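The values are calculated or read from the model by the stated rules, or taken from the named source; none is laboratory data. Being a predicted model, the structure only gives us computed values, none of them experimental. In this analysis, Cβ positions are derived from the backbone assuming ideal geometry, glycine residues included, and neighbour counts consider all displayed protein chains.
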2 protein chains.
Amino acid sequence: MKVVLGISNRHVHLTKEHLEILFGKGFELTKVKDLNQPTQFMSSSKVTLKTPKSFIENVRVIGELRDYTQIEISKTDAYKLGLNPPVRDSGDIDNSETITIVGPIGEINTTGCIIADRHIHITSKQKELYGLNTEYVSVLIGGEKGGIISNVHLKVSDPAYYELHLDTDDANAFLLHNGDVLEILGTNNDSQNM
Amino acid sequence: MKVVLGISNRHVHLTKEHLEILFGKGFELTKVKDLNQPTQFMSSSKVTLKTPKSFIENVRVIGELRDYTQIEISKTDAYKLGLNPPVRDSGDIDNSETITIVGPIGEINTTGCIIADRHIHITSKQKELYGLNTEYVSVLIGGEKGGIISNVHLKVSDPAYYELHLDTDDANAFLLHNGDVLEILGTNNDSQNM
């Protein structure tokens, strides 16, 4: 089964409360463009991520607003910032890392910093149709620095736009680009595929 | 077959001529510590890598001097610098990327910038002993962001210190650390392993 890749650069999701602390009372996100996942969009707003060790500027705020604030970074970012965030499914932010987010108006110190797990957005119908009777799959990657990535989470939602999301570390390690078409191998328990 | 990992951060190898342009006539590298590979050492000298787009400071010069200058960076570094270096075996620098190296005394604009291929240093005797009758192997990686890396070059030299070298992109994508023990799966043509 083929799947198209979308590469996730570092970004943040904000609650309404945190958005207003960072950008001012009554501030609303401006859409730059829709993302493939329903209701999600790239906003024009950017923040700085700050820790005692370092900082990273120009980190995009992704809309729509959520009921939790979440900061998704790569392991490379984590080393730069001196953090050790867990690898997590989006929204699973208990005991995640703490970080400071700096906006033009104010700043917040918050938990919610994670490394997003490798995942494929898929509807329950597609999952059944494609015969993916499992929660995790492996994906084959070709090319000079090819290989197989394991523990790719089949993240079911209805609606969903069917695509694979990898972070920039995975993308750069395997020399991948947005829109690359990759092959799902099957379940992690399938020894023929591992 | 197990192999211990050594992670290669960005670094440069220099010719005597280039060393003297960067650091001054008669300059000699000072050893900070021996590296595992025979005759190779971490020197106390650092340079800046510069391109029209950006720069990276504090890049280590690795000794001993060579008869070619080579700059090894990751794909993440390459994006920052606006370069597109080829994935190459060390020393194979024909048609590699051009970059400026800045030292305390002078600077050079030189070819020789590559992304080092994934490789395992091994002696001809070890290669035979371990039954690795091939030029490329795959390596199994466990953990939350595990998988398999392919096209790992068995780089034979006598002497050699047996170890796997990966760049920081591979290490960070797979959450690996120096000294991790990984499993060589076999040849890339062995379908049971892929």
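Remarks
- Residues of the range A:72-103 that turn out to be in a strand (DSSP E or B) and within 13 Å of chain B (Cβ to nearest Cβ), as a count: 2
- Residue that is among the polar types (S, T, N, Q), over 20 Å from B:Arg88 (Cα atoms) and under 17 Å from the mean Cα position of the chain (by Cα), where the choices are B:Asn178, B:Asn133: B:Asn178
- Output for the range A:141-153, where each listed residue is closer than 17 Å to B:Arg118 by Cβ and either out of contact with any Gly (no Cβ under 8 Å at 6 or more places or on another chain) or among the acidic types (Asp, Glu) (or both): A:Gly142, A:Gly143, A:Glu144, A:Lys145, A:Gly146
- Hey, A:Ser54 farther than 18 Å from A:Asn109 by Cβ and surrounded by fewer than 15 Cβ atoms within 10 Å (Cβ to Cβ) or not: no
- Candidates A:Ile114, A:Ile101, A:Ile73, A:Ile56 - the one that is touching a Cys at 6+ places or on another chain (Cβ under 8 Å) and under 21 Å from A:Arg10 (Cβ atoms): A:Ile73
- Checking each residue in the range B:114-127 for being free of Cβ contacts under 8 Å to residues at least 60 places away in the same chain and away from chain A (no Cβ under 14 Å) picks out B:Ile122, B:Thr123, B:Ser124, B:Lys125, B:Gln126, B:Lys127.
- Flag if A:Leu22 is surrounded by 15 or more Cβ atoms within 10 Å (Cβ to Cβ) and either under 29 Å from A:Asp180 (Cβ atoms) or in contact with an Asp or Glu (Cβ under 8 Å, 6 or more places away or on another chain) (or both): yes
- Filtered residue count, the range B:130-177, keeping only those that are more than 7 Å from every other protein chain (Cβ to nearest Cβ) and part of a loop (DSSP other than H, G, I, E, B): 17
- Single condition B:Ile62 does not satisfy, out of (1) touching an Asp or Glu at 6+ places or on another chain (Cβ under 8 Å); (2) surrounded by 16 or more Cβ atoms within 10 Å (Cβ to Cβ); (3) under 22 Å from B:His153 (Cα atoms); (4) not small (Gly, Ala, Ser): (1)
- Any hit, the range B:145-160, residues being at pLDDT 95 or above, over 18 Å from the mean Cα position of the chain (by Cα), of a type in the set (A, V, I, L, M) and surrounded by fewer than 17 Cβ atoms within 10 Å (Cβ to Cβ): no
- One residue from B:Gly91, B:Gly63, B:Gly106 being over 17 Å from the mean Cα position of the chain (by Cα) and among the small types (Gly, Ala, Ser): B:Gly106
- The residues of the range A:67-109 that are polar (S, T, N, Q) and under 28 Å from B:Thr168 (Cβ atoms), listed by number, are A:Gln70, A:Ser74, A:Thr76, A:Asn84, A:Ser90, A:Asn95, A:Ser96, A:Thr98, A:Thr100.
- Residues that are surrounded by fewer than 17 Cβ atoms within 10 Å (Cβ to Cβ) and assigned to a loop (DSSP other than H, G, I, E, B) within the range A:105-129 comprise A:Ile105, A:Gly106, A:Thr123, listed in sequence order.
- Within the range A:18-33, being part of a loop (DSSP other than H, G, I, E, B) and closer than 18 Å to A:Ile108 by Cα holds for A:Gly24, A:Lys25, A:Gly26, A:Phe27, A:Glu28, A:Leu29.
- Tally of residues being assigned to a loop (DSSP other than H, G, I, E, B) and in contact with a strand residue (DSSP E or B) (Cβ under 8 Å, 6 or more places away or on another chain) across the range A:1-17: 4
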